[in-house]
Amino acid sequence: MAYTKPIPDPEQYTFKPYWDGCKAGKLMLPRCLVCGRMHFYPRVLCPHCHSDQLEWVEASGEGRIHTYAVQHRAFGGWAEETPFVTAYIDLIEGTRMLTVLHGVDPLKPEEIKIGAKVKIEFEEASDEVSIAYWRVVE
Ligand SMILES: [Zn+2]
């Protein structure tokens, strides 16, 4: 099935290591060399201590649902996917990611559990770009 949603530009804002990781099936996140904390979304400064001394490291791709919402209205390529579930994921590395959650029924939100284990997966959006999603594994 053709990918119809917006496709990010991996060259924009110098976050190419994140996108290269997604293409290779790895979650690459920036980690601060000063305070040691990881963050998402990628930024040029550490949001915790404002250092610009960052490195890219591979994260586990494991986490738990922090919270979620069922999206009944959306625009563009997302409109045809409604309803779908967005969620904040608490990574075991200590940062948080916003995602579209796979492996859940948006029409049965009572079955989605806060704290449920999730694992990252990647969907090819184009020859150059893959998008990270999270899937419930318990
Ligand atoms: Zn820092």
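When the stretch 7-34 is examined, which residues are found to be surrounded by 13 or more Cβ atoms within 10 Å (Cβ to Cβ) and either within 16 Å of the ligand (Cβ to nearest atom) or in a loop (DSSP other than H, G, I, E, B) (or both)?
Those that are surrounded by 13 or more Cβ atoms within 10 Å (Cβ to Cβ) and either within 16 Å of the ligand (Cβ to nearest atom) or in a loop (DSSP other than H, G, I, E, B) (or both): ILE7, PRO8, PRO10, PHE15, LYS26, LEU27, LEU29, PRO30, ARG31, CYS32, VAL34.
Picking from LYS5, LYS23, which residue would you name as being touching a residue at least 60 places away in the same chain (Cβ under 8 Å), touching a helix residue (DSSP H, G or I) at 6+ places or on another chain (Cβ under 8 Å) and within 16 Å of ALA125 (Cβ to Cβ)?
Numbers: LYS23 fails: touching a helix residue (DSSP H, G or I) at 6+ places or on another chain (Cβ under 8 Å).
Exactly one of LYS5, LYS23 is touching a residue at least 60 places away in the same chain (Cβ under 8 Å), touching a helix residue (DSSP H, G or I) at 6+ places or on another chain (Cβ under 8 Å) and within 16 Å of ALA125 (Cβ to Cβ), namely LYS5.
Within the stretch 42-53, can you find the residues that are out of contact with any Cys (no Cβ under 6 Å at 6 or more places or on another chain) and either within 10 Å of the ligand (Cβ to nearest atom) or on the phi > 0 side of the Ramachandran plot (or both)?
Within the stretch 42-53, the subset out of contact with any Cys (no Cβ under 6 Å at 6 or more places or on another chain) is 42-45, 47, 50, 52-53.
Correct list: LEU45, PRO47, HIS50, ASP52, GLN53.
No value in this document is a laboratory result; all are computed from the given coordinates. Not measured: the values here are computed from a predicted model. All Cβ positions, even for glycine, are placed from backbone atoms using ideal geometry, and neighbour counts span all protein chains on display.
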